[in-house]
Structure formats: structure tokens, C-alpha cells
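The values are calculated or read from the model by the stated rules, or taken from the named source; none is laboratory data. Because the structure is a prediction, the values reported are computed rather than measured. Cβ placement follows ideal geometry from the backbone for every residue including glycine, while neighbour counts extend to all protein chains displayed. Calculation scope for accessible area: heavy atoms of the full protein, side chains included, ligands and nucleic acids excluded. Shrake-Rupley method; radii C 1.70, N 1.55, O 1.52, S 1.80 Å.
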Amino acid sequence: MKYKTLFPGIICFTVLFSAAFISGCKKDDASSSECTAKTTNAPRSINFFDIKAGSPYFNQVVASFKFNQGSTSYSGGTGCPISECSTTLSIQNITAKKITFDYNIIFTLNFVQWNYQGIAVIDAGATINVGEINASCTSLTLGQIVLQSASITYQ
């Protein structure tokens, strides 16, 4: 849920549920200025295999996708946001060679689905920080994550 101040004393919000947006405004009151935040992190790692026959790393783990879902929930006044979430990604090259590959991440949990696509170029043994890939509060640890790639090259 995203909050913004439209005019002094008026708080507006927008919520996305599947394909429908719910938004509205309400008058801010004095109790909304005191919010208490509680932050949690839920890490999850997934091994990325090279399954191309003839590859020097055929059927081996070539990278580790490291997800971290940070979640902040608020309590206090009526103007406090309910929660804010952010899923970040870093990718570690497990091989002894520089690796280049495209990737598609598909996350599914019940009726929630999102995907993220990118291209990674990572030196041998190094890690890249991709940054934020999604802002959903749906539990990353409970959902299914599929990693896909069309091309992996080594140098």
C-alpha cells in the first residue's frame, strides 16, 4: 500500500489487488503521527543449474540466486501504513569462469504471480546486486519460484 499526502491533513492511498486498484483519501488526525515499525527479513536461496548438453558445467550449479524479502509492518495511529515490502536479489557466480546469461524469475503463490527478467554478467566467483525486483508482501518462502534461461555462456 502506498501513501502520500495530497493536501496538509489529508492522506491518500492506493492498493493493488490483482488487476483492480482501490484508492481513497481520509482526513488525517493527530493520532496518526505516532507509528511504530517492525521490520523482518526472509532470505531464500535457489541454485541455478546449466542444463545445456555439451556445456563445460552441464548439470552443475553455476549460480546462486539469493532473494531477501524485507517486510515492515506498522502499528499506532490511524494514519500508519499497514505494511511495506521489498524483495531484493543478488546473484553469485559459482564457476571459475566469467558467466553471462539471461534469466526469467516466475513467482507463484495461490492467485499471486509476478515475474522479473534480466541479464547477468558476473566475473568468476563474484556476486552482483540486482536490487529490488518486486514489492509484493506475499510470502516469498511459501511460494514457488521457477528460474528460466535461454542462453548461458562462459569466458
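Some observations on this one:
- Of residues in the range 95-142 being assigned to a loop (DSSP other than H, G, I, E, B) and surrounded by 17 or more Cβ atoms within 10 Å (Cβ to Cβ), the one farthest from the chain's Cα centre (by Cα): Thr95
- Total residues in the range 143-155 satisfying the condition of being of a type in the set (S, T, N, Q), surrounded by fewer than 13 Cβ atoms within 10 Å (Cβ to Cβ) and not in a strand (DSSP E or B): the figure is 2.
- The residues on offer are Thr72, Thr88, and the sole one that is among the β-branched types (Val, Ile, Thr) and open to solvent by less than 30 Å² (accessible area, probe 1.4 Å) is Thr72.
- Flag if Phe65 is modelled with pLDDT of 95 or more, closer than 16 Å to Ser149 by Cα, assigned to a strand (DSSP E or B) and open to solvent by 20 Å² or more (accessible area, probe 1.4 Å): no
- When Ser33, Ser55 are checked against the criterion of being modelled with pLDDT of 90 or more and either touching a Lys or Arg at 6+ places or on another chain (Cβ under 7 Å) or among the polar types (S, T, N, Q) (or both), Ser55 stands alone in meeting it.
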